[in-house]
Structures are given as C-alpha cells and as structure tokens.
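The structure appears right after this line, and notes come after that.
The values are calculated or read from the model by the stated rules, or taken from the named source; none is laboratory data. Quantities reported herein were computed from a predicted structural model and do not represent experimental measurements. As a convention, Cβ positions derive from the backbone with ideal geometry for all residues, glycine included, and neighbour counts pool all protein chains shown. Areas reflect the complete protein model, heavy atoms only, side chains present, ligands, DNA and RNA absent. Shrake-Rupley method; radii C 1.70, N 1.55, O 1.52, S 1.80 Å.
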Amino acid sequence: SGANLIPRADIYAAADIDTDQIFWIDPAEVARRVGHLSGIRSAQAQVAFPARVQVVIVEREPAVVWQQGGESLWVDTAGVAFEQRADLPFLLPIVVDDANVPLALDPDHPDLPLVSAEAVSSALRLKGLRPNIELLHYDAIRGLSYQDGRNWRGYFGVGGDMELKLRVYERIVADLLARQVQPVVLSVENVDSPYYKK
C-alpha cells in the first residue's frame, strides 16, 4: 500500500520473496530491499501466517523536474533526485545549463543523488510569485534564471527574498523600457547590486 507513482510490479520485484517459504522471510530485509527503490522515502513490511506479506511504503513527492545531461529526474523539496516515472505537466522543469558534473550523492545514503534544496525552494517561490513561468534554468554559479518573454535572460540566483528580487527586477524593467533600452541580460542575483547588459 502507499504506491501511487511507483508501479506495484516494481515493488513486488524488489521484495524478491515470491518463491520463499513464509517462515524464512525477514520483514526487515524486505523493507530494506523495497526501500532502495528510486522514489521511496520509507518502507515497512509485516509477515502474517499462513502466507501473507504486507508492504507499506511512503513515496517521495516530486516538486520539480530536474533536467541535467539529457536526463530528467524528479526532485523533492529536500533536494533528493529520483526516477521520473510519468509526465506530470504541473511540475516546473528546471534545465541545468552547466551539466558537466554529475549529481552529488547523499553521504548517508549513497544511492540518493542530491541537488541544491535551496535551488528547488527558490524555484518554487519564484514560480509562486510569477505563475506564467513555464521553465527555469539553473547553473551552479549564477543560480536560477529564465528567458523573459521580452527577449532577455533574467537572473535571480538562489535564496534570499525572491519577492524583493522580483520587485527590483520589474522596476528596472520599467525604467529600461521607458528609456527604450533593450537588455540581453538583467540580473538581480544580488539584490543590492543589480545590473543589466545590452
């Protein structure tokens, strides 16, 4: 039980007990094997006689789609990346522009790739403030950016106050448009020293 995104057949196969005698099944070992499936936060197993094994899982909830090096992964709010198992159009895609380094691994759980949780939370905040954003870009140095529909790239970095950054961004945009200046880059990564390039 608990499986919504992960196919039950995958859980059944991971349990690896279909030919075992009920007396030899170790529920802790079943939970460990199932818990290693991509996208599972936790797993528990119980054995009941004469021949019943119940597996209860808690899935990770995808928050964004992380696209790096030709691969698309789901990422939860903690920054844990896991297998994308379906197309969920309501998830915000984030394309990594400097994808020459593989994802870091969680030192406590070497099978869990990690991305910046701060980047994920910043992306979700920016999307909440600007719902028309359909795609964000990310790089490790400059953080989050998007291609503004007015034909320039807007850089927002990560962390900090996204609401303030967005207000500063729109003020600069209004000033530039009033002066008929067309930038190619507009950055509020550091809200104390924003800049633009023509």
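Under the condition of being open to solvent by less than 10 Å² (accessible area, probe 1.4 Å) and not polar (S, T, N, Q), which residue from the stretch 177-198 is farthest from the chain's Cα centre (by Cα)? Outline the logic, then answer.
Applying the first criterion (open to solvent by less than 10 Å² (accessible area, probe 1.4 Å)) to the stretch 177-198 yields 183, 186-188.
Within this subset, residues satisfying the condition of being not polar (S, T, N, Q) are 183, 186, 188.
Numbers: P183: 30, L186: 25, V188: 23 Å.
Filtering the stretch 177-198 for residues that are open to solvent by less than 10 Å² (accessible area, probe 1.4 Å) and not polar (S, T, N, Q), the one farthest from the chain's Cα centre (by Cα) comes out as P183.
Taking the condition of a type in the set (F, W, Y) and part of a strand (DSSP E or B), does Y196 pass? Working first, answer last.
Values: of a type in the set (F, W, Y): yes; part of a strand (DSSP E or B): yes.
For Y196, the condition - of a type in the set (F, W, Y) and part of a strand (DSSP E or B) - is met.
Counting just the residues of the stretch 48-84 that are assigned to a loop (DSSP other than H, G, I, E, B) and touching an Asp or Glu at 6+ places or on another chain (Cβ under 9 Å), which one comes out nearest to A140 (Cα to Cα)? Give the derivation first.
Quick first cut of the stretch 48-84, residues assigned to a loop (DSSP other than H, G, I, E, B) only: 49-51, 60-63, 69-70, 76-79, 84.
Next, from what is left, pick out any that are touching an Asp or Glu at 6+ places or on another chain (Cβ under 9 Å): 60-63, 76-77, 79, 84.
Working: R60: 24, E61: 24, P62: 21, A63: 19, D76: 18, T77: 18, G79: 14, Q84: 22 Å.
The extreme case among them is G79.
Out of curiosity, is I172 under 26 Å from the mean Cα position of the chain (by Cα) and over 20 Å from L92 (Cβ atoms)? Break it down into steps so the answer makes sense when it comes.
Working: under 26 Å from the mean Cα position of the chain (by Cα): no; over 20 Å from L92 (Cβ atoms): yes.
So I172 does not fit the description; no.
Output the qualifying pairs, or none if there are none: Cβ atoms under 6 angstrom, residues six or more apart or on different chains, first residue in the stretch 1-28 and in contact (Cβ under 8 Å) with a residue 12 or more places away in the chain and closer than 16 Å to E59 by Cβ, second residue assigned to a loop (DSSP other than H, G, I, E, B) and open to solvent by 80 Å² or more (accessible area, probe 1.4 Å).
Hits for this filter: zero, empty list.
Take the stretch 1-16 and flag every residue that is part of a helix (DSSP H, G or I) and under 17 Å from E83 (Cα atoms). Don't jump to the end; show me each part of the working.
Just the residues of the stretch 1-16 that are part of a helix (DSSP H, G or I), to begin with: 8-15.
Scanning the stretch 1-16 gives R8, A9, D10, I11, A13, A14.
Answer with yes or no whether N132 is loosely packed, with under 12 Cβ neighbours inside 10 Å and either of a type in the set (A, V, I, L, M) or within 29 Å of A81 (Cβ to Cβ) (or both). Quick ask: steps written out before the conclusion?
Values: loosely packed, with under 12 Cβ neighbours inside 10 Å: yes; either of a type in the set (A, V, I, L, M) or within 29 Å of A81 (Cβ to Cβ) (or both): yes.
Considered against the rule, which asks whether it is loosely packed, with under 12 Cβ neighbours inside 10 Å and either of a type in the set (A, V, I, L, M) or within 29 Å of A81 (Cβ to Cβ) (or both), N132 comes out as yes.
Checking the conditions here, which among G159, G143 is closer than 22 Å to V75 by Cβ, touching a helix residue (DSSP H, G or I) at 6+ places or on another chain (Cβ under 7 Å), of a type outside the set (S, T, Y) and at pLDDT below 90? Talk me through it step by step, then tell me what you get.
Numbers: G143 fails: at pLDDT below 90.
Sole residue among the options that is closer than 22 Å to V75 by Cβ, touching a helix residue (DSSP H, G or I) at 6+ places or on another chain (Cβ under 7 Å), of a type outside the set (S, T, Y) and at pLDDT below 90: G159.
Working carefully through the options V64, V58, V47, V53, find the one that is of a type in the set (V, I, T) and crowded, with 20+ Cβ neighbours inside 10 Å. Before you say what the answer is, go through the steps one by one.
Numbers: V58 fails: crowded, with 20+ Cβ neighbours inside 10 Å; V47 fails: crowded, with 20+ Cβ neighbours inside 10 Å; V53 fails: crowded, with 20+ Cβ neighbours inside 10 Å.
The conditions single out V64.
For the stretch 69-84, which residues satisfy the criterion of being over 8 Å from the mean Cα position of the chain (by Cα), free of Cβ contacts under 8 Å to residues at least 40 places away in the same chain and crowded, with 20+ Cβ neighbours inside 10 Å?
Correct list: Q84 only.
Mind counting the residues in the stretch 62-86 that are among the acidic types (D, E) and farther than 17 Å from I11 by Cβ?
Going through the stretch 62-86, the residues among the acidic types (D, E) turn out to be 71, 76, 83.
The next check asks that each one be farther than 17 Å from I11 by Cβ; those that pass are 71, 76.
Result for the stretch 62-86: 2.
Just give me the residues in the stretch 17-35 being in a loop (DSSP other than H, G, I, E, B), in contact with a helix residue (DSSP H, G or I) (Cβ under 8 Å, 6 or more places away or on another chain) and surrounded by 13 or more Cβ atoms within 10 Å (Cβ to Cβ), in sequence order.
Residues of the stretch 17-35 in a loop (DSSP other than H, G, I, E, B): 17-21, 25-26.
Going one step further and asking which of them are in contact with a helix residue (DSSP H, G or I) (Cβ under 8 Å, 6 or more places away or on another chain), we end up with 17-18.
Answer for the stretch 17-35, where residues must be in a loop (DSSP other than H, G, I, E, B), in contact with a helix residue (DSSP H, G or I) (Cβ under 8 Å, 6 or more places away or on another chain) and surrounded by 13 or more Cβ atoms within 10 Å (Cβ to Cβ): just I17.
Would the stretch 158-176 turn up any residue that is crowded, with 20+ Cβ neighbours inside 10 Å and under 23 Å from V80 (Cβ atoms)? Break it down stepwise before answering.
Within the stretch 158-176, the subset crowded, with 20+ Cβ neighbours inside 10 Å is 158, 162, 165, 169.
Among the residues that remain, those that are also under 23 Å from V80 (Cβ atoms) are: 158, 162.
Yes, the conditions are met somewhere in the stretch 158-176.
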